[in-house]
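Read the structure below first, then the notes.
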Amino acid sequence: MKSEFGERLSYLRMQKGVSARSMSLSLGQNLGYINNIENKRAFPSMEIFFNICEFLEITPQEFFDEENINPEELNAAVDNLKKLDAHSLESISTVIELLAKK
């Protein structure tokens with residue numbers, strides 16, 4: 001679990017384009033805190049885990065959903081899809097289906 005957790009954290013952090021050092025400081029931790037988690041030398045408390053998710057702008061469920069490779073972008077797309085009328089949503093759905101078949 002520690003290995004998978006650290007790898008997922010590293011992936012999501014890099015997707016956000018932030019350094020481990022910067023993220024550590026933003027969470028109010030020491031400079032090497034995130035690096036230690038990613039290198040399996042530490043594991044966050046539940047409170048810090050929730051802070052990590054908040055920092056990454058994802059839910060805890062999205063953190064562990066490895067099939068969701070871009071949770072922040074997916075959330076933004078879903079928010080925009082919610083604003084569409086039925087016809088537009090159907091059109092977008094057709095395009096997504098075509099792209100997914102590639």
Tell me, which helices (runs of 4 or more DSSP H) wholly within the stretch 23-102 include 2 or more residues that are touching an Asp or Glu at 6+ places or on another chain (Cβ under 8 Å) and surrounded by fewer than 16 Cβ atoms within 10 Å (Cβ to Cβ)? 71-81
Regarding residue 8, is this residue open to solvent by less than 60 Å² (accessible area, probe 1.4 Å) and charged (D, E, K, R)? yes
Report every pair of residues separated by at least 6 positions or lying on different chains whose Cβ atoms are under 8 Å apart, first residue within the stretch 28-47 and under 11 Å from residue 5 (Cα atoms) and at pLDDT 95 or above, second of a type in the set (D, E, K, R) and open to solvent by less than 60 Å² (accessible area, probe 1.4 Å). 38/13
Going through the stretch 6-22 in order, the residues found to be assigned to a helix (DSSP H, G or I) and more than 16 Å from residue 62 (Cα to Cα) are 20, 21, 22
Can we say residue 14 is under 24 Å from residue 76 (Cα atoms), surrounded by fewer than 16 Cβ atoms within 10 Å (Cβ to Cβ) and without any contact (Cβ under 8 Å) to a residue 24 or more places away in the chain? yes
Restricting attention to the stretch 4-13, does a residue exist that is more than 16 Å from the chain's Cα centre (by Cα) and small (Gly, Ala, Ser)? no
Pairs please, first residue from the stretch 76-97 and at positive phi, second anywhere and assigned to a helix (DSSP H, G or I), Cβ atoms under 8 Å, 6+ apart in sequence or on different chains. none
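The values are calculated or read from the model by the stated rules, or taken from the named source; none is laboratory data. Small disclaimer: the values here were computed from a predicted structure and weren't measured. Virtual Cβ from ideal backbone geometry, glycine too; neighbours counted across all protein chains shown. For accessibility, only protein heavy atoms count, side chains too; no ligands or nucleic acids. Shrake-Rupley method; radii C 1.70, N 1.55, O 1.52, S 1.80 Å.
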